[in-house]
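Engineer: Dropping the structure in here first, questions after.
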Amino acid sequence: MQKQNLKNVIFDLGGVLIDWNPRYLFRKILSDETEIENFLTTICNDEWNAKQDAGKHFTEAVEELCQLHPDKDNLIRTYYDRWPETLGGEISGTVTILSNLKKKNLNLYALTNWSKDTFPYAQKQFKFLADFRDIVVSGVEGIIKPDRKIYDLLLTRNNILAHESIFIDDRLTNVQAAENIGMVGIHFTSPKNLKIALKDLGVL
């Protein structure tokens, strides 16, 4: 891949630029780690969250789950009512990389699996989100990674080409989906490794 061909860098947000973990909230409420893990793997789990990331309203999802698990009613409601407490802060090393890419005049975009109801909290807290030319939020669009449609939507909406774009995500399946449509994929494991990968591509 020629250096001059890479014009766009597309970031995932959670796990790459933003430290999100519901354990930050529930460790304030529950003292037993086993109980926390059980709650987050059997009730408010990844599959449940994915429905909100795909466009379902959080209030509706909470009510449905409370009916299924009335004994956990308070905890389920707390998940949404105190959702901002699941945000741990920015991943500073990656934010520094983002800033350096901005100085290189690269086109910066974000493509995130995130609920439309909770993303405004992130927009309010993380000022660096203003550095992106566009942020495609799965919950707003009703499409979730790794569905090809959401990648195509970002490309067409911004009139950019896949082969001129780098895609960064902490989930390998999402990276592979981007590569399948012609993007240069980087599986994010740490800011240090990301910096090395971007240097190898000639954009840092």
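Engineer: At least 1 residues that are of a type in the set (Phe, Trp, Tyr), touching a residue at least 60 places away in the same chain (Cβ under 8 Å) and in contact with a strand residue (DSSP E or B) (Cβ under 9 Å, 6 or more places away or on another chain) in each: list the helices (runs of 4 or more DSSP H) lying fully within the stretch 9-87 that qualify.
Structural biologist: By residue number, 23-26.
Engineer: Please pick out the residue among 172, 106 that is touching a His at 6+ places or on another chain (Cβ under 6 Å) and either in contact (Cβ under 8 Å) with a residue 60 or more places away in the chain or within 28 Å of residue 61 (Cα to Cα) (or both).
Structural biologist: 172
Engineer: Next up: I'm trying to understand the selection: among the residues of the stretch 148-197, which are of a type in the set (A, V, I, L, M, F, W, C), surrounded by fewer than 16 Cβ atoms within 10 Å (Cβ to Cβ) and assigned to a loop (DSSP other than H, G, I, E, B)?
Structural biologist: Matches in the stretch 148-197: 161, 181.
Engineer: Farther than 20 Å from residue 49 by Cβ, of a type in the set (Phe, Trp, Tyr) and under 17 Å from the mean Cα position of the chain (by Cα): does that describe residue 128? Give the steps one after another, and end with the answer.
Structural biologist: Details: farther than 20 Å from residue 49 by Cβ: yes; of a type in the set (Phe, Trp, Tyr): yes; under 17 Å from the mean Cα position of the chain (by Cα): yes.
So residue 128 fits the description; yes.
Engineer: What number goes with the only condition from (1) surrounded by 13 or more Cβ atoms within 10 Å (Cβ to Cβ); (2) under 22 Å from the mean Cα position of the chain (by Cα) that residue 92 does not pass?
Structural biologist: Status for residue 92: all satisfied but (1).
Engineer: Which numbered condition trips up residue 111, out of (1) surrounded by fewer than 20 Cβ atoms within 10 Å (Cβ to Cβ); (2) under 15 Å from the mean Cα position of the chain (by Cα)?
Structural biologist: In the conditions (1) surrounded by fewer than 20 Cβ atoms within 10 Å (Cβ to Cβ); (2) under 15 Å from the mean Cα position of the chain (by Cα), residue 111 misses (1) alone.
Values quoted throughout were computed directly from the atomic coordinates according to the rules given, and no laboratory measurement underlies them. Everything quoted here is computed from the prediction, not taken from an experiment. Backbone-built Cβ (ideal geometry, glycine too); neighbour counts: all protein chains shown.
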